[in-house]
Amino acid sequence: ASAGGSDIATAAYSAAAKTTSVLPLKTLAPKCVWSNKEKTVVYCGVPTIVPSGTYPDDWYKGIAHFADKLWKINVKTQETDLILDPAAETLSDIDMTNLTIDPTDSFIAFTNKTDMSLWLYRIK
């Protein structure tokens, strides 16, 4: 994410290749988790709208809240797949954080930062 800016951007750094890839979707790092099975895949909660603000500070302070969708992003090919639209499934907005994934990439758990509720979603 950008440091203290009004816009956000997300990038992945490969320590082995010493290269940086800017992700095609904009989000904050705490909204992402790496796949355990596919080394070039990251799952991220991506805000549908990013209100103007100073990020990531406003989000950490609770000044800004997001309505996220869960995306699968291949950092090598830049391919994106929508995995979950919580607003469509649950009729509520979820501000995803603390994403974790099980060893088989079957489930993602995350916290809704708005009310601190815990969610579990079956990916496959």
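Values in this text are rule-based calculations from the coordinates and carry no lab data. Note that the coordinates shown come from a computational prediction; the quantities given were computed from them, not determined experimentally. Neighbour counts are summed over all protein chains in view; Cβ atoms, including those assigned to glycine, are modelled from backbone coordinates with ideal geometry.
So the values come out like this:
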item: Residues of segment 14-58 satisfying the condition of being part of a strand (DSSP E or B) and either among the acidic types (Asp, Glu) or in contact with a Phe, Trp or Tyr (Cβ under 6 Å, 6 or more places away or on another chain) (or both); result: Thr20, Val33, Val42, Cys44, Val46, Pro47
item: Qualifying position, being of a type in the set (Lys, Arg) and on the phi > 0 side of the Ramachandran plot, among Lys37, Lys31, Lys72, Lys18; result: Lys18
item: Check on Val33, farther than 22 Å from Asp115 by Cβ, surrounded by 13 or more Cβ atoms within 10 Å (Cβ to Cβ), touching a strand residue (DSSP E or B) at 6+ places or on another chain (Cβ under 6 Å) and among the aliphatic types (A, V, I, L, M); result: no
item: Hits in segment 66-91 - residues which are under 11 Å from Tyr43 (Cα atoms), outside any strand (DSSP E or B) and basic (Lys, Arg); result: none
item: Qualifying residue in segment 39-56 (condition: within 24 Å of Lys124 (Cβ to Cβ), surrounded by fewer than 15 Cβ atoms within 10 Å (Cβ to Cβ) and over 13 Å from the mean Cα position of the chain (by Cα)); result: yes
item: The listed residue being touching a strand residue (DSSP E or B) at 6+ places or on another chain (Cβ under 9 Å), under 22 Å from Trp119 (Cα atoms), crowded, with 18+ Cβ neighbours inside 10 Å and of a type in the set (Asp, Glu), out of Asp68, Asp85; result: Asp68
item: Members of segment 92-112 found to be within 18 Å of Pro51 (Cβ to Cβ) and in a loop (DSSP other than H, G, I, E, B), listed by number; result: Asp93, Ile94, Asp95
